[in-house]
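Below is one structure, written out as structure tokens; comments come after it.
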Amino acid sequence: VAGVAAAEGVKLQHVKAHGALYNMAARDRALAGALARAVAALDRSLILFALANSEVVRAGRELGLSVAAEAFADRAYERDGSLVSRQKPGAVIHDASIVAARAVRLATEGVVVAIDGSILRIDADTLCVHGDTPDSGHLAAKIRAGLEAAGVLVKAVRRE
């Protein structure tokens, strides 16, 4: 990806693992460390995006990388702070009003309700909206409107 960006005259701003790698590294210290070291070796100015409260956040910060801890308003959480597998019912939340309310609560209170009803503390810098979710543009707009109505400043993540 860095090569394609360079060929097009674009500088990468951040790195985010995807899918299974993202979820595995969140819990696996060795994998998280390898991911953080790879980012550091490529370009220490890159921001490492990672699941809030995860091993990747810890590994990146230990290496002195800028880390953006992210939360998911449109995904269900397990009691342990991991994301509910997409193989389980209720893993993805589609109701825009519910997602927006969850985003506001994450931003203003730093908490989210897990799938079992427990309250999780989430220390997040950014919210992820999945582009493959049907009507994701509407969802993002609803989230932004809810955040702004709650007095939350919405801005791009920048290197610390």
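Using a 1.4 angstrom probe with every protein chain in place, what is the largest-first accessible-area order of His18, His138, His94, His130?
Accessible-area ranking of His18, His138, His94, His130, largest first: His18, His94, His138, His130.
Taking all protein chains as present, what is the carbon and sulfur share of the accessible area of the chain, in % to the nearest whole number, probe 1.4 Å? Could the numbers behind the result be given before it?
Values: 4850 of 8710 Å².
Carbon with sulfur: 56 percent of the solvent-accessible area.
Shape verdict for region 117-160, please, from the Cα gyration tensor: rounded (a/c under 1.5), prolate (a/b greater than b/c) or oblate.
Rounded is the answer for region 117-160, as its axis ratio a/c remains below 1.5.
Using 0.36 nm per residue of separation minus the Cα-Cα distance, give me the extension gain between Cys128 and Leu63 in nm, one decimal.
21.0 nm
Please compute the net charge surrounding Gly19, taking Lys and Arg as +1 and Asp and Glu as -1 over other residues with Cβ under 15 Å from its Cβ.
+1
Tell me what the chain gives for mean residue ellipticity at 222 nm when only DSSP H runs of n ≥ 4 count, each as -39,500 (n - 2.57), the sum divided by the residue total, rounded to 500 deg cm²/dmol.
Helix contribution divided over all residues of the chain: -12000 deg cm²/dmol.
First check a/c for the chain, with a ≥ b ≥ c the square roots of the eigenvalues of its C-alpha gyration tensor; if it is under 1.5, answer rounded, and if not, answer prolate when a/b is larger than b/c or oblate otherwise.
prolate
If you roll a 1.4 Å probe over the heavy atoms of the protein chains, what accessible area per residue do you get for the chain, in Å²? It would help to have the intermediate numbers written out before the result.
Values: 8710 Å² over 160 residues.
That works out to 54 Å² for each residue.
Counting Lys and Arg as +1 and Asp and Glu as -1, what is the net charge of the other residues whose Cβ lies under 14 Å from the Cβ of Leu42?
With Lys, Arg at +1 and Asp, Glu at -1, the neighbours total +3.
Which aspartates and glutamates does Lys88 reach when only Cα atoms under 15 Å apart count, and residues fewer than 8 places away in its own chain are ignored?
Counting by Cα, and skipping residues close in sequence, Lys88 has these aspartates and glutamates nearby: Asp74, Glu78, Asp116.
Separation of region 120-146 and region 27-72 by C-alpha centroid, Å?
The distance from the Cα centre of region 120-146 to that of region 27-72 comes to 21 Å.
The values are calculated or read from the model by the stated rules, or taken from the named source; none is laboratory data. Quick caveat: nothing in here was measured; it's all calculated off a predicted structure. Methodologically, a virtual Cβ is constructed for each residue, glycine included, from the backbone with ideal geometry; neighbour enumeration extends over all protein chains shown. Quick note on the areas: whole protein, heavy atoms, side chains included, nothing else; ligands and nucleic acids left out. Shrake-Rupley method; radii C 1.70, N 1.55, O 1.52, S 1.80 Å.
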